[in-house]
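The next block holds one structure in the form of structure tokens; read it before the comments.
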């Protein structure tokens, strides 16, 4: 930065610190409430006793183990389906010639502009027609073909030098061999970045799973948590916060552990 | 090594991009075990022709035969050839070892066989110490060797090269020229080599195919192409400085040059000109000292030309009489640009070489 004065620096750092504080405040409160007895829900006292009872009671009051399983199944299924389908589609758009290519790609780009919530009713009708209401597949199915993933991977594939493609073909790669041995390995950073976006989005997705599920066997964490918070616990904030921390912990921990790889992937994939 | 037999035949091949022809009715036959160089300026169609031979692109019309069989519509990998690219096209996510054996793995060659061939080729290319590295950790020259090793290990009889030396510095390029030629000779490879660098063509080629604007101007040994250019284009493209072209009127009636009215051009290399007792009078324009030689720019009757004199000789005076070696002169039709072979002096060296090729 050119000519940064002390005053500028104070303003920039100060503003950054303030934003960071505002952002982390709810999380700090959740941690505070979860680890202290209910009496300290709205009282700040450094000498307050620490406890894990809130977690134990939350875990025993609702089938969180089942919800965890459902969510993990859900995000894994969505991610695998998205990577397989969108890699194939992106490869076709990046390197093959076929009639209607431009129109199809425009349609996919337009899909990026449509808010998913608008489609809730239509999606519900489709799932009912397929007889899939209240299944884990139904939660994931509308998201399998991701316009964003197709777009991102196509852009990545298009930056791969043509000569690598030519070389692999001369060496005897089939079309799918080419995709598997050249494009997929070189597209890994973009795939990792997309994987992070996809997992965190579907881990936290709430509205669609709420509508399409109605039993413990299919509900993901988000829906389970909301039901737990509204009906079972009333205003037991300490327990609700303990449950909230539990449900978001895997994502938070995962991000903290792989922070460097994620940031690098994002930089390489060009998403900032 | 068995040479002389046609390995790759290009028959009336055209390649249109839209309405422009990158290749226009090209026919040539490349012989087995020979180092053939496609030489020409940028955009002359030489790389297009190479991609057609490789099967990476398809011709609009005409046929390509490899080993006698029409390869039209055949995938690149079924054409029994290997290829070295200008950018080397090494896979950045694979190590040197994996890059070299990439093709063998794809084709399902057994691991023991792969490693056996790898040992031989890596030793030959001096890559044995570098096998665990990634391409990004190699110098340009080392990357070039890996690309070459990948072509050699395939043990295919034909190797196509698309300006493989153009990204190297001058010193390395000179070394690699010698090395490439040695490898080609040792393995008896049929090499098709694309370049715009006439030094590469002259030093390595058995035969040069000079191309311009999607057509073949001349096919011949380096000696033939240099001494007896078939067209005005070749005369001007080959040689630094290129061949001087004089209107015939300036020389008419001397040394077998037909007295003309400007319809013909006389071509003479700078080293075929000298200072004479009598002859057409030229006017000195400038002298460039090159160490071993002097390049003298001069003008004769409105035509600028260059003559090469040994540096040991005195620089020429402001006006001097021009002499030339008549057996070295080339005569061209000014309108068509074609060589008029009927006026060639019998010249032993280039034609003799050509003769052996024809009968081999």
- Message: With Kirkwood's inverse mean 1/r over C-alpha pairs for Rh, give me the Rg to Rh ratio of the stretch A:133-178, two decimals please.
- Response: 1.26
- Message: Please give the Cα centre distance for the stretch B:90-117 versus the stretch A:82-127, rounded to the nearest Å.
- Response: 37 Å
- Query: Across 10 Å bins from 0, what is the distribution of all Cα-Cα pair distances for the stretch B:140-226, in whole percents?
  - Reply: 15, 50, 30, 5
- Item | Cα pair distances in the stretch A:69-140, grouped into 10 Å bins until the bin that holds the longest one, percent each | 16, 33, 38, 13, 0
- When a footprinting reagent is the concern and you count Cβ atoms within 10 Å, what order do B:232, B:109 take, fewest first? B:109, B:232
- Residues A:126, A:135 arranged by fewest to most Cβ contacts within 10 Å: A:126, A:135
- Message: Between the stretch A:17-68 and the stretch A:184-206, how far is it from one alpha carbon centroid to the other, in angstrom?
- Response: 29 Å
- Message: Quick check on chain B: of the DSSP beta bridges with both residues there, what percent are antiparallel, nearest 5%?
- Response: 75 percent
- Query: So what does the Cα-only Debye profile of the stretch B:241-340 read at q = 0.14, 0.18, 0.25 Å⁻¹, as log10 I(q)/I(0), no solvent term?
  - Reply: -0.50, -0.81, -1.43
- Taking the Cβ of each residue in B:251, A:266, A:7 as the centre, tally the other Cβ atoms inside 10 Å and list the residues starting with the fewest. A:7, A:266, B:251
- For chain B, the fraction of alpha-carbon pairs in successive 20 Å shells from zero, as %: 26, 49, 22, 3
- Query: Taking the Cα centre of each part, how many Å lie between the stretch B:196-228 and the stretch B:267-337?
  - Reply: 24 Å
- Item | Rg in Å to one decimal, and Dmax rounded to a whole Å, for the stretch B:118-262 via C-alpha atoms | 20.3, 70
- Between residue B:120 and residue B:199, take the C-beta separation as r, use R0 = 25 Å, and let me know the FRET efficiency to the nearest 0.05. 0.20
- Message: If I take the Cα coordinates of the stretch B:189-259 and project them onto the principal axes, what are the three extents in Å, biggest first?
- Response: 49, 23, 19
- Query: When the Debye formula is applied to the Cα atoms of chain A, each taken as the same point scatterer, what base-10 log of I(q)/I(0) results at q = 0.07, 0.11 Å⁻¹?
  - Reply: -0.37, -0.83
- Inverse of <1/r> over all distinct C-alpha pairs of the stretch B:36-77, i.e. the Kirkwood Rh in Å, gives 11.2 Å
- Message: So if I restrict to the alpha-carbon atoms in the protein assembly as shown, what is the Rg, and what is Dmax, the biggest pairwise distance, in Å?
- Response: 36.7, 121
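Laboratory data are not the source of any read-out in this text; all were calculated from the coordinates shown. What you are looking at is a predicted structure, and each value in this text was computed from that prediction instead of being measured. Positions of Cβ are generated from backbone atoms using ideal geometry, with glycine treated the same way; all protein chains shown enter the neighbour counts.
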